[in-house]
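The values are calculated or read from the model by the stated rules, or taken from the named source; none is laboratory data. Values in this document were obtained by computation on a predicted structure and should not be read as measured data. Please note: Cβ atoms are built from the backbone with ideal geometry, for glycine as well, and neighbour counts cover all protein chains shown. SASA here: full protein model, heavy atoms, side chains in, ligands and nucleic acids out. Shrake-Rupley method; radii C 1.70, N 1.55, O 1.52, S 1.80 Å.
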Amino acid sequence: TYSEQLMYFGTEDNGGNTYFYYNDSLSKMISAGNWTTFSDSRLKTHIETGDEVEKEMADYFDKIEVNKYGYIKQFAGSKGTTTETKSFGFIAQQVEQVYPQGVGNAGNCMFPSPKSTDPDKIEIDDVLAIDKEKVNMLLWGKVKQQQKQIDKQQEQIERLEKKINLILALDNDK
């Protein structure tokens, strides 16, 4: 079956520009429009930039494990998958040990939802959730650090090529 439940944020009808709905047949939240986050400098304090910040971000990134896993039966359906399907991603408990600000506690949760007629419901206390925006930001530090390394290596290659060409030119003059 297919059902659509619209959830508007900010205005009564949101001008028809941004909405969210849950699609039962896909078992997914779907949005139209853009999802944005406040990032105005006037809302921030103690702003730091530069190599040390990028290194710190890259260090966190390097410590976070990527895993391959399946989901328990009671949760798999809400992800639109089965217990046999494997996914790649993070485990909140692992991320919490390395980068606690990237994890939040969703409280006690029932799977499938309390409205489900599935008789095999389970309730799990203190379910952890990953703030993917915070965790994904670490990738920027890693990418910037790697780009600097690539640029440095490219300069070294160019210097070595010049030296090789000079040696070859000298050898040809003999």
A student asked for the Cα radius of gyration and Dmax of segment 72-136 in angstrom ought to give 13.2, 38
Net charge, residue 169 excluded, C-beta distance under 15 Å - Lys, Arg +1, Asp, Glu -1:
0
With all protein chains present, segment 61-174 has a carbon and sulfur share of its accessible area (1.4 Å probe) in percent of 54 percent
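Within the set of other residues whose C-beta is less than 9 Å from the C-beta of residue 107, count the net charge using Lys and Arg as +1 and Asp and Glu as -1. Don't skip to the end; give the middle numbers.
Numbers: positive: none; negative: 125, 126.
Net local charge, residue 107 excluded: -2.
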Using the Cβ atoms and a cut-off under 13 Å, what net charge is assigned to the surroundings of residue 38, where Lys and Arg are +1 and Asp and Glu are -1?
0
Starting from the Cα gyration tensor of segment 30-174, multiply each eigenvalue by 5, take the square root, and state the resulting semi-axes largest first in whole Å.
48, 22, 14
In Å², what does the accessible area per residue of segment 135-174 work out to with a 1.4 Å probe?
92 Å²
